[in-house]
Every structure is written in C-alpha cells, then in structure tokens.
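The values are calculated or read from the model by the stated rules, or taken from the named source; none is laboratory data. Given the structure is predicted, the values throughout are model-derived calculations rather than measurements. So basically every Cβ, Gly included, is an ideal-geometry build from the backbone, and we count neighbours across all protein chains shown. Surface areas here come from the heavy atoms of the whole protein model, side chains and all, with no ligands, DNA or RNA. Shrake-Rupley method; radii C 1.70, N 1.55, O 1.52, S 1.80 Å.
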Amino acid sequence: MTRNVRVQYFGILREQRGCGEESRETGAASPLDLYRELAGEHGFSLDPENLRVAVNDEFRDWDSILAEGDKVVFIPPVAGG
Amino acid sequence: MELSREQIERYSRHLILPEIAVEGQKRLLSSRVLLIGTGGLGSPLALYLGAAGVGKLGLVDFDVVDRSNLQRQVIHGLSWLGKPKVESAKARIADLNPDVQVEVHREAITSKNALEILREYDVVIDGTDNFPTRYLTNDACALLKKPNIYGSIFRFDGQATVFDTARGGPCYRCLYPEPPPPGMVPSCAEGGVLGILPGIIGLIQATECIKILLGIGSSLVGRLIQYDSLAMKFRELKLRRDPNCPLCGDNPTIHELIDYEQFCGIPKPDEKKEEQQTMIPQITAPELKAKLDAKEDFLLLDVREQHEYDIARIPGATLLPLSVIQQRVGELEDHKGREIVIHCKMGGRSMQACQFLQSQGFSKVVNVAGGITAWSDQVDPSVAKY
C-alpha cells in the first residue's frame, strides 16, 4: 500500500535533497522508513538519531504510523549564530 | 528609583503602552541579561535590548571583528576590524544608550567559568555558533534555573524557542539528546548564511527576552519556531519535556557541567595533533608554496564546491568537490601512486577527503592545514578570503 505525503527539508538536508519541499508517493509505513528510503536515494549524511521528525506540526516518534496526506518535516540540528 | 526627564523622553513609546508603562520600564532598567556570542544573533540582540533600556547587558565573546562578519553582524563597523567584538559592541551601546551598563567577558565560555558568569544574570540568550557551547549553555541554565532563550541559524533556515526548565519546560537536550557527529553539520563559515537571517531570529529572541523580563504575553516555552526564509514561512512545533531527559527528566543523571568538547566528539588539541601525525600528514600553506616553487611532483586537489572555486583558488589546483568525491574517485586512478596534497577552505573537508582517499588505497595523501584561508593569510593576500 502506498500513500502520498508532503515532505519538507530543513538545514543541511535541504542542500542534500536539492529542494525544500516535495510531494512523494511512498510505501514507507513510518517516518523512519521514509527517511531511510530518501537517504538511500539522496545520500543524506545524517543518521535518524541526529535529527527530529515532525508530522502535521507535532514532533513524532520515528516508528509512528504515516497516513495519507501527512505533512512530514525533517529537522536537523543547526548551530550557527 | 524615579525616571529622569531624559528617560521619560527616551522611553516614551514604552511608557504609553499600558502593558509596560513606568513600572515595566523600571523593571527593564533593573534587569540583567547575558548574551552568549556577539556575532550574527548577538548584534541585533545587543542593539535592541540596549535601546529598550535593559539595565545590564553581559557580552561573552572571545573573537575579534573580521570583514566577513559585516554582512550580518550589524553592531560592528569597519573601524573595529581586528579588535574585540565585545569592545566594539560596548562602544556602540554606550553611544546608543548610557542607561545600559555593559559587562564584557572577552573569553570563551567553558565548563570552568560558565556557572560563575551566568549566576549574575536574570536571563541568558544563546547566540553562539557551535554545538559544544549550545549544550554547555543549556546545562548551565538548567542547573541555575535560568531561562535560556535559544536561536540558531543556517543558510536560509532558523530556529528559536525558550528553554525554561524551572517552569516545567523542555531543554535543548529534549529537542536534540545527542549532538551530530563532528563535521556532519557545517557551520555558517563553511555553509554560508543569508545576511538578514540572524536579524530575524535574533529579534525573535529579543522579543522573548523583553516579554520574560516584563512578565507579559505568552512565551515560546514548549514551542519551537522553525523559520524558512526562502518560502517565508514560520512553522510552530510543540516541544515537550522528555521524561527520560538526563538533565531535566524525571530521574536526571546530569548534576554538574561536563566536558562538552568531548561530548560533541571533538578531540582535544593534543589528541588531535597526535591523530593527525599518525594518520594523515599535514603541511602548512607556506610549506605548500615551497613544494610548488620546487616543482615537486604531486597533485594539488581542491575539494571545495564549484561556487567557492569561482570566488578564489590556489593556482594549479584541480577541483573535485568533497560532495562528489565518492562518485568520481575513479578520475584519480592515474594518481594512485603519486602524492596528493588536498586543501579546502579551512582544513576540515580536506581532512575528510584525505581519510576517504586513504581508505580507497591512496597511500600518499597530505592535508593542507587551514586551507585556502591560511594561503591568503600566510602566502598570497591577493587570493580573496571569503
């Protein structure tokens, strides 16, 4: 079963993906599966434990369940000042 | 303390706001705020908090003003190049508002001095530029039960929130329990930053500071603002205290400050030297110049990005960006037996490239310490620094 999700990238992930936002049809069941799928395609340098994921404006566990139409945001740490 | 005639004039737009009025302005004048960092975020913070009449501003920064700061660090000017940032900021605030007492701490904040410095202030604002200092500031504020107003920037994105564990809010460790591996998240010096971005994030921090000091409005405690300047969108995310947080959770295990460099995986200077001596040989920029002048046989490899190469380059260097080196390593096959001298902007990415090439069987790799920046400083000032 696949679902359509809206994915948004911040910080270093924006550069590594080459865009800030995209729609995606995915078979991934959880944010973790989705991140691994994307990391495999785009060579993301950060492991999931180094960033946070939010779904529909709430931080979520990596193994929570993704639903059709979810807005998924990957938020890596930034330290600049 | 009564407000003087000059003060009534100066703060009149505050005084006519019922939420502030004379009482609130007096409260600001008796408040003490510490700014960690007097750079991108610290500049607008110091200017606006100084103008608002925060009575005592502490400034912590060990650095001096560099020309590359002026694109965003608006408190500093040309006449202060090479001079301490804290002194530059102090002079500017003195000109702006004599009501503000500025206390300068021209030093790095460390586990040794942090508690002593922070103790003197009501609110701490984190405007630093590195992970070890962010964890240090977080832990010190939680241990001293002081609000920590957090802001952070990178390229086109910013984050801001308020960590206030004394009021039941989460801390930085609840957001990011572990720092990223060293070198995985570039700094603004390596990755760049839109000049206006610290203005926006710094002034979100300044707004939160004024609100906390006055006890008005609803603070950002428990809410992370994620700002995207390209899309011009502010996203708000609910941030909860982690019951398992080692600092502010139900069973905390951190009761004193730790070694934050070690926590963030950054080797100590002596270990670093030893590691580099045993693993990857390093040369200085003048040593590279001597090798080039002697026409020694080696490949000079530049692992920066194309757009950096377009700004400035060392003559004779071959460009192969670190970001594509894994895919394009085949192009170096003919040089496998040769010495390969690698440089980047400051020496970090070239070290990663050295380690990668060494793992691929290139036995004679050499890193240029300090990169093209050291080349500009020590060999050829006509090569632009960026």
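Computed FRET efficiency, Cβ-Cβ of B:K233 and B:F298, R0 60 Å: what is it to the nearest 0.05? Before the final figure, lay out each step's value.
On the way: r = 49 Å, r/R0 = 0.81.
It comes to 0.80.
From other protein chains only, count the Cβ atoms within 10 Å of every residue's Cβ in B:35-44, then give the mean.
1
Each peptide in B:45-56, B:325-336, A:20-31, B:302-313 was scored by the mean count of other Cβ atoms within 10 Å over its residues; highest first, the order is B:45-56, B:302-313, A:20-31, B:325-336. In plain terms, the bigger the Kirkwood radius, the slower the diffusion; for segment A:3-75, with that radius from Cα pairs, at 20 °C and 1.002 mPa s, Stokes-Einstein puts D at 179 µm²/s. Taking chain A as a Gaussian network of alpha-carbon nodes connected by springs under 10 Å, the highest mean-square fluctuation of the residues A:L34, A:L66, A:L51 belongs to A:L51. Computed on protein heavy atoms with a 1.4 Å probe, the accessible areas place B:S376, B:S12 in the order B:S12, B:S376, largest first.
Among beta bridges from DSSP that stay inside segment B:1-145, the antiparallel ones total about 5%.
Computed on segment B:141-298, the Cα convex hull volume stands at 177 Å³ per residue.
With Cα atoms as the point set, the protein assembly as shown shows a radius of gyration and Dmax of 24.1, 80 Å.
Helical runs (DSSP H, four residues minimum) scored at -39500 (n - 2.57) apiece and divided by the length of chain A put the mean residue ellipticity at 222 nm at -7000 deg cm²/dmol.
Normalised by residue count, chain B yields a Cα convex hull volume of 157 Å³ per residue. Here the Kirkwood formula, the inverse mean of 1/r across different C-alpha pairs, assigns segment B:240-368 a hydrodynamic radius of 17.1 Å. When you count the other C-beta atoms within 10 angstrom of each residue and take the mean per peptide, A:54-62, B:192-200, B:141-149 line up highest first as B:141-149, B:192-200, A:54-62.
Let me confirm one metric for peptide A:19-28, namely the mean number of other chain beta-carbon atoms within 10 Å of its residues' beta-carbons.
Numbers: counts 0, 6, 4, 0, 0, 0, 0, 0, 0, 0.
That average works out to 1.
The angle separating the long axis of helix B:131-144 from the principal Cα axis of greatest extent in chain B is about 30 degrees.
Scaled against 2.2 N^0.38 Å for its residue count N, the alpha carbon radius of gyration of segment B:19-169 is 1.01. One quarter of the surface of the convex hull around the alpha-carbon atoms of segment B:49-118 equals 5.0 nm², the direction-averaged projected area. Return P(r) of segment B:99-143 (all Cα-Cα pairs; 10 Å bins starting at 0; whole %; ordered from short to long distances). Using 10 Å bins, I get a P(r) of 24, 61, 15, 1 for segment B:99-143.
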